[in-house]
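Worksheet: the structure to be examined is printed underneath.
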Amino acid sequence: MEHLIKKIIKEESEQSIFSPMEIRLFKFVNKFKRELGTETKMYDFFENSMSTFNLPKFEAKKYQLIYTYNYRPEGDYENVTKSNFKDPKKDKPRKTSNSDAGTYSQSKIPFKGSNLEGYWKMTRDNEWAYIIMSYGWYPIYVFKYDRWFESDNTYSSSTGKQMRYSYPISYNSDLGQKTIMVSRDEMEKIINGYLKPEDLLTGRTDKFVVDMKKKQRTGETTTFRGGWNPRARIKFKISSVRKSRNGYKIVVDVLDVDKFDNNKLDRESGNFFDGDIVGLDKNKVKEYLNDYFSQQTSQKFQGLNSKFYNIDVLFRGQI
C-alpha cells in the first residue's frame, strides 16, 4: 500500500501543471519572444492573445509572469510539473505605480506601489490570504476562502483613490464575482481566522436594516461609485425605511450624480438633473443603486430573494 501511495504521488508530481491551452499559449509566445523586447510589449502581446486561447483577458499579467518565471527555450512546457514550477506569488513584490496596481491585484500577484501593496500571507488558521494594504496598516481588500472581501470604509480620500486603482475584480470579467463588504473589525477577524464567511453572513440582513434606519434618523448622506460604462458617483440619503409585506421598502433620495472617465471626474459632462449627462439617466442610476444595496447585504452570496427589500428612488426634481 505504501509503495502504491508513493507511486501515485510521484505520478501526480510529474504531471504537467499547465492545461493544454496554457501550454499552447506559451509555445505561441515563444515564437515571438525575440520581438517582444520590453515588459510592456510582452504584456500587450499576452493581453491581445488571451482570447485566442480561451483564457480570461484580465489575467494577462499573471500569465505573463508565469511564462517569464517558467520560460523554456525549447517550448517543452508540458514538462513543467508541480515539483519544478516557479510560482510568482511566492516571489518578492513587483514594483509598480498605483495606477497600474489593478493589473496585479486582479491576478493576485504580489506588488508594491506608493503606500499601497498586495501580498500573500499564511494566516493563523493555516489558510492563504492575499491582502491589499493601504499605508501599511489599513487592509482594503482581502482574498480568502475563495472570496473577495472589501472594506466598507475608505478611511481617507487617498485610500479611496488607492481602492479604485487596485480594485481586484475585472469589470468585464464573465465570472460574475462580487466582493463582500465588511467593516475594519470584520476584515481583521477574517485575516486572522476568527471569522468565517458563513458566520459573517449570519445576521447581515438585520444589520443592513438597522444601518438604513440609523441613516434615515440622522440624515446621513452616502456617496459611492457604481457602474463602469459610464462610471458614476452617486450621493444619496435614506428618506424612509418601512416594513412591507415581503420585507422592507426603502425610499432613497438621490442628491447628486457625477460622471467619471477613467477614474477622473468629467467636469464637462453637465448637470444630471437637467438631463445633460450622456449615458447616465434615471434608470441607469436606479440600476447602480440596486447593485450597491445588493452588495451591502451580500445578497449574491446569501442567495437572498430580491423581495427582501424594495427600493424606491426619488430624484431631487421629483420631491
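No lab work stands behind these numbers, since they all come straight from the coordinates. The shown structure was predicted, so the numbers you read here are calculated from the model rather than taken from an experiment. Cβ sites come from the backbone with ideal geometry, for glycine too, and all protein chains shown count toward neighbours.
How would you rank Phe273, Phe46, Phe111, going from fewest to most other Cβ atoms within 10 Å of each one's own Cβ?
Sorted ascending by nearby Cβ count, the order is Phe273, Phe46, Phe111.
Counting Lys and Arg as +1 and Asp and Glu as -1, what is the net charge of the other residues whose Cβ lies under 9 Å from the Cβ of Ser269?
Combined, the nearby Lys, Arg, Asp and Glu give -3.
Gain in length, Lys90 to Asp125, computed as 0.36 nm per residue apart minus the alpha-carbon separation, to one decimal in nm?
Contour length minus Cα-Cα distance gives 10.7 nm.
With each label point set 7 Å from Cα along the Cα-Cβ vector, what nm distance links Ser244 and Val210?
The two pseudo-label positions are separated by 2.4 nm.
Determine the sum of side-chain charges near Ser99: Lys and Arg each +1, Asp and Glu each -1, restricted to other residues whose C-beta is under 12 angstrom from that of Ser99.
Value of the local net charge: +2.
What does the charge count around Leu116 come to, taking other residues whose C-beta lies under 14 Å from its C-beta (Lys +1, Arg +1, Asp -1, Glu -1)?
In short, +3.
Using Cβ contacts closer than 10 Å as the measure, can you line up Ile234, Ile140 from fewest to most?
Lowest count first: Ile234, Ile140.
Multiplying the sequence separation of Ser97 and Arg233 by 0.36 nm and subtracting their Cα-Cα distance, what value in nm do you get?
My answer for the length gained is 46.6 nm.
Just to verify a number: FRET efficiency for Ile311 and Glu198, C-beta to C-beta distance, R0 = 25 Å, to 0.05?
Efficiency computed from Cβ-Cβ geometry: 0.40.
When the chain is modelled as a GNM with alpha-carbon springs shorter than 10 Å, which of Gly160, Gly227, Gly275 fluctuates the most?
Evaluated over the chain, the most mobile residue of the options is Gly275.
Pull out the extension gain between Leu265 and Lys161, defined as 0.36 nm times the separation in residues minus the alpha carbon to alpha carbon distance; nm, one decimal.
Taking Leu265 through Lys161 to full extension adds about 36.2 nm, to one decimal.
To test your reading of the geometry: what angle, between 0 and 90 degrees and rounded to tens, separates the Cα axis of helix 204-218 from the longest principal axis of the chain?
On a 0 to 90 degree scale, this one is about 40.
From the Cα gyration tensor of segment 43-133, with a ≥ b ≥ c the square roots of its eigenvalues, which class applies: rounded if a/c is under 1.5, or else prolate if a/b is larger than b/c, or else oblate?
oblate
Short version: ³J(HN,Hα) in whole Hz for each residue of segment 52-66, in order, from phi by Karplus 6.51 cos²θ - 1.76 cosθ + 1.60 (θ = phi - 60°), x for Gly and Pro, what are they?
Per-residue couplings from phi come out as 4, 9, 6, 10, x, 4, 5, 9, 4, 4, 4, 5, 4, 5, 4 Hz.
Using a Debye calculation, one point per C-alpha and no hydration shell, please list log10 I(q)/I(0) for segment 132-248 at q = 0.12, 0.16, 0.20 Å⁻¹ in order.
-0.54, -0.97, -1.34
Can you tell which of Ser51, Ser183, Ser105 shows the greatest fluctuation in a Gaussian network model of the chain with Cα springs below 10 Å?
Ser51
If R0 is 22 Å, what FRET efficiency do you get for Lys282 and Val251 from their C-beta distance, rounded to 0.05?
Calculated transfer efficiency: 0.90.
Rounded, prolate or oblate: which one fits the chain, using the alpha carbon gyration tensor with axes a ≥ b ≥ c (rounded when a/c is under 1.5, else prolate when a/b beats b/c, else oblate)?
Prolate shape, in that a/c is at least 1.5 and a/b is the bigger ratio.
Among Thr179, Thr222, which comes first, then next, by fewest other beta-carbon atoms within 10 Å?
Ordered by Cβ neighbours within 10 Å, fewest first: Thr222, Thr179.
Answer rounded, prolate or oblate for segment 88-201, using the Cα gyration tensor with square roots of eigenvalues a ≥ b ≥ c: rounded when a/c is under 1.5, else prolate when a/b is larger than b/c, else oblate.
rounded
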